[in-house]
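So the structure is just underneath, and the comments pick up after that.
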Amino acid sequence: FALQQISKGYTELDNMNQLRLLAELAEIGDPLTEALQRERGRSAVFLASPPDTDAARQAQAALKRQRQQTNAQVSAYRAGIADLLARTSFNTDISQSLAFVEARLDLLPIRRNAIDRRSIPATESASFYTQSIMGLIDRIPLLIQLASTPEVSRYLNSYYGLAEMAERAGRERAVGASLIRSRKYDLNTLRKIAGLGGPQQAYLGQAMAM
């Protein structure tokens, strides 16, 4: 009986340690997610600005400042991941998620160069950032699968709903800012913006329900 109780205690302790590490993993990705969302929007505004104008120069200066902030978050993210990996190992799904995001970060300088040269369509620029951001957000359901209690699962689902809501708001902001700067109010883009409102409300409702 004593051995059973000791074994149970170690199992609970191990579960709590794993949960703490998973929480750290989610927390490490948050600031980088926000920085990439902001850089996506700044990039969209720059690409929508007519070349060789004051508006373009202002947009480029704002984009440069945001890139510096993103670079700082990339460094912090990589340091945090390295520290976690020195203390634990993750399952295959999470390891693949880590590898995917790292590969996207390696491509970031190339995409930035293309944006500066205006050799990349605005849609392709937005898609690159969105895929990179979703690489971080899609990691959350992997953590939910490893939750050891219903309460932890509920909190993680709420967190996931808020993250998805914020991402839809970020997309709306990027498209809207680009639209205003370009002054090309085409119906398809307006529909795209309008379509992002529904998912935001749905994810907010999910988060509040949890």
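The values are calculated or read from the model by the stated rules, or taken from the named source; none is laboratory data. Predicted model, so just to flag it, every value in this text is computed and none were measured. For neighbour counting, all protein chains shown are included, and Cβ atoms are generated from backbone atoms with ideal geometry for every residue, glycine included. What goes into the accessible areas is simple: the full protein's heavy atoms, side chains included, and nothing from ligands, DNA or RNA. Shrake-Rupley method; radii C 1.70, N 1.55, O 1.52, S 1.80 Å.
Considering each residue of region 172-199, count those that are surrounded by 15 or more Cβ atoms within 10 Å (Cβ to Cβ), at pLDDT below 75 and of a type outside the set (A, V, I, L, M, F, W, C), and give that number.
Number satisfying all stated conditions: 5.
Restricting the search to region 35-69, which residues are within 16 Å of residue 108 (Cα to Cα) and free of Cβ contacts under 8 Å to residues at least 24 places away in the same chain?
Matches in region 35-69: 64, 65, 68.
Hey, could you check region 146-159 for residues that are touching a residue at least 40 places away in the same chain (Cβ under 8 Å) and more than 10 Å from residue 210 (Cα to Cα) and say which is most open to solvent (accessible area, probe 1.4 Å)?
Ranking the candidates gives 146 first.
Listed here are the residues, each with its yes/no results for (1) closer than 30 Å to residue 152 by Cβ; (2) in a helix (DSSP H, G or I); (3) at pLDDT 85 or above.
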{"residue": "5", "(1), (2), (3)": "yes, yes, no"}
{"residue": "13", "(1), (2), (3)": "yes, yes, no"}
{"residue": "28", "(1), (2), (3)": "yes, yes, yes"}
{"residue": "31", "(1), (2), (3)": "yes, yes, yes"}
{"residue": "41", "(1), (2), (3)": "no, yes, yes"}
{"residue": "57", "(1), (2), (3)": "no, yes, yes"}
{"residue": "64", "(1), (2), (3)": "no, yes, yes"}
{"residue": "73", "(1), (2), (3)": "yes, yes, yes"}
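Could you check how many residues of region 99-127 are at pLDDT below 95 and surrounded by 17 or more Cβ atoms within 10 Å (Cβ to Cβ)?
Result for region 99-127: 4.
Condition test on residue 162, is it of a type in the set (A, V, I, L, M), modelled with pLDDT under 75, within 26 Å of residue 39 (Cα to Cα) and open to solvent by 50 Å² or more (accessible area, probe 1.4 Å)?
In short, no.
Can you name the helices (runs of 4 or more DSSP H) wholly within region 104-199 that have at least 3 residues being under 16 Å from the mean Cα position of the chain (by Cα)?
Result: 122-137, 139-145, 150-182.
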